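**Student:** Dropping a structure here in structure tokens format, bear with me for questions.
The values are calculated or read from the model by the stated rules, or taken from the named source; none is laboratory data. All values reported here derive from a predicted model rather than from experimental measurement. Using ideal geometry, Cβ is built from the backbone for each residue, glycine included, and neighbour counts are taken over all protein chains shown.
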Amino acid sequence: MAQVLKEEVRNRILEAAEKVFYKKDYRGAKLTEIAKEADIPVALIYTYFKNKEVLFDAVVSSVYINFESAFDEEESLEKGSASERFDEVGENYIHELLKERKKLIILMDKSSGTKHTEAKQKLI
């Protein structure tokens, strides 16, 4: 019988992973530390996430998507200079980033060893 996945457990794993990745970065973080922070067995992480990199992606994906959508929105505006166009979308964009500032720091400075290693150069 297949195990029923619970959103509450998945969210606890994501919150714990965010804390550990923020403290230690991707390479320094251990799944055992994430499991301990989430108060679950390590094996349960694998029920929800294939491996540490997939878990990392789940933690930072919302920030990366917000970056991309803000740039797409800014580029879709037809009038004004780049800075004027960014002013139209910038306030909401910055507000969203500040709500997820830890994830932004993880993506920009703590992603070495993942597919997001170059995120800082791409997004700045």
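**Student:** Conditions first: (1) surrounded by fewer than 19 Cβ atoms within 10 Å (Cβ to Cβ); (2) modelled with pLDDT of 95 or more. Ala29 passes all but one, so which condition is the exception?
**Tutor:** Here Ala29 meets the rest and fails (1).
**Student:** May I pose another question? If a residue must be in contact (Cβ under 8 Å) with a residue 24 or more places away in the chain and more than 18 Å from the chain's Cα centre (by Cα), how many such residues does segment 10-56 contain?
**Tutor:** 4
**Student:** Let me ask you something else. Do we find that Ser111 is of a type in the set (Gly, Ala, Ser), assigned to a helix (DSSP H, G or I) and either at pLDDT below 90 or over 15 Å from Ile13 (Cβ atoms) (or both) in this structure? Steps first, answer last, please.
**Tutor:** Details: of a type in the set (Gly, Ala, Ser): yes; assigned to a helix (DSSP H, G or I): no; either at pLDDT below 90 or over 15 Å from Ile13 (Cβ atoms) (or both): yes.
Judged against the criteria, Ser111 is not a match.
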